[in-house]
1. Can you pull out every residue in segment 136-152 that is surrounded by fewer than 20 Cβ atoms within 10 Å (Cβ to Cβ) and not hydrophobic (A, V, I, L, M, F, W, C)?
2. Do we find a residue being open to solvent by 60 Å² or more (accessible area, probe 1.4 Å), modelled with pLDDT under 85 and in contact with a Pro (Cβ under 9 Å, 6 or more places away or on another chain) anywhere in segment 97-104?
3. Would you check if there is a residue in segment 317-327 being in contact (Cβ under 8 Å) with a residue 60 or more places away in the chain, charged (D, E, K, R), surrounded by 16 or more Cβ atoms within 10 Å (Cβ to Cβ) and assigned to a helix (DSSP H, G or I)?
4. Quick check on residue 317: is it in contact with a strand residue (DSSP E or B) (Cβ under 7 Å, 6 or more places away or on another chain) and of a type in the set (Val, Ile, Thr)?
5. Can you say whether residue 183 is open to solvent by 10 Å² or more (accessible area, probe 1.4 Å), hydrophobic (A, V, I, L, M, F, W, C) and more than 18 Å from the chain's Cα centre (by Cα), as far as the supplied structure shows?
6. Collect the residues in segment 328-363 that are among the charged types (D, E, K, R), surrounded by 20 or more Cβ atoms within 10 Å (Cβ to Cβ) and closer than 23 Å to residue 134 by Cβ, keeping them in residue-number order.
7. Looking at residue 366 and the list (1) surrounded by fewer than 21 Cβ atoms within 10 Å (Cβ to Cβ); (2) modelled with pLDDT under 90; (3) part of a strand (DSSP E or B), which single condition is not satisfied?
Amino acid sequence: MKLKIEKTPEQSELLKAMASKDFDTRIQAGEAFAALVGPVLAEVMAQASIIANFYTNQQYDMGTVPMLPVDTFFDVTDYNYLSVWSQTAAGGLGTNEVIPNVGEMPVKTYKMNSAHSFDAKYAKNPRLGLDIMAKTMGRLMAEILNHQENFAVGPLMAALANASTNGRKHVQRVVSAGRLIPADFSKLLTLGARLNTSWTGGTPVGGAKDVSDLLMSPEAMEKLREIAFNPISTAAAPYTDALKDSIAAPESIRTQFFNAGDIASFMGKTLHVFNEFGKGRRFNTVFKAAAGSTSYAQDDGTTGAAAFTNASEELIVGIDRGRDPLIRMVATDSESGSEFSVTPDDQFYARRQNKIGFYGEMEEGRLIVDTRPLIGLVL
């Protein structure tokens, strides 16, 4: 991710001050820059196109114990969840008070940090030094984003690989291995609607819902583009037959793929392409580790049942972001209110080091509170 610092006289003077011979001036300039750039980097990271940002933020004050009100995520049909009818006042009407077994759950969090520095001589040439500073901050931010991605994908894949609702797994296979056609998407959305029930097992308020976003590899997107020039199957018989036995997609859809190349949505679902998805890729490997020998079948629950093979198969993940199934507990600084803190690296305060450095830190924890809005398609 590329950052740019505006080359104004004020920014130039601030950079020069970081290399000042006066000790107090160096410290004050570094602190001023860190206080300015920290919230900006936090805002940029929050908008990055990574799986980590599919999580919904729940903030807590840095230095305190983060607590998640788990009663808001519990199944109200669980045994002993609603069990006490009582009066709130003498002679009053009875009320069923919500008394879960656990009211709040402490969340384990972890710290992510990065530190980078550059030679102080660049600060004396602001025209070049500001570019060096921007690249330093960009590298610092990129490392934190990489940490976030690594910590975010684990809980997601583990939850999806083992998720089951009413005896039905949340991951199913395409009808014809290695092919991706509209019928597979249609079956996947049906799975999402069946799993995304209300807490009582019925239709949610507002009607049945399925996923809102689909995460896939560049190769899966390529197979979608093939709809523009390859026939598609519409019934069971042609699935594994020669392509000539199938029919073409509607002309309007073929034209859309021809003109757009990669499209932003398909069947009303937002598409996201990640290089980490795909055969043998990192996200695939994490899913395989979580799935182990678990068998996944086609939409009928029995046909083609087999364990996921990392080397020859890949995964498409569906998420209903309207249900907030992914929660990120993140600490905020009590003074700046920022989730990401940047401070001058005090190991370079001594002039003999002749370097300017900054240290960035963020504290967070990630949870999957509801697996119903998560589905997967094995391709």
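The values are calculated or read from the model by the stated rules, or taken from the named source; none is laboratory data. Everything quoted here is computed from the prediction, not taken from an experiment. Please note: Cβ atoms are built from the backbone with ideal geometry, for glycine as well, and neighbour counts cover all protein chains shown. Keep in mind that these areas ignore ligands, DNA and RNA; they rest on the heavy atoms of the full protein, side chains included. Shrake-Rupley method; radii C 1.70, N 1.55, O 1.52, S 1.80 Å.
1. 136, 138, 139, 143, 146, 147, 149, 150
2. Checked segment 97-104: at least one residue is open to solvent by 60 Å² or more (accessible area, probe 1.4 Å), modelled with pLDDT under 85 and in contact with a Pro (Cβ under 9 Å, 6 or more places away or on another chain).
3. Checking segment 317-327: at least one residue is in contact (Cβ under 8 Å) with a residue 60 or more places away in the chain, charged (D, E, K, R), surrounded by 16 or more Cβ atoms within 10 Å (Cβ to Cβ) and assigned to a helix (DSSP H, G or I).
4. Criteria met by residue 317.
5. Yes, satisfied.
6. Of everything in segment 328-363, just one residue is among the charged types (D, E, K, R), surrounded by 20 or more Cβ atoms within 10 Å (Cβ to Cβ) and closer than 23 Å to residue 134 by Cβ, namely 339.
7. (1)
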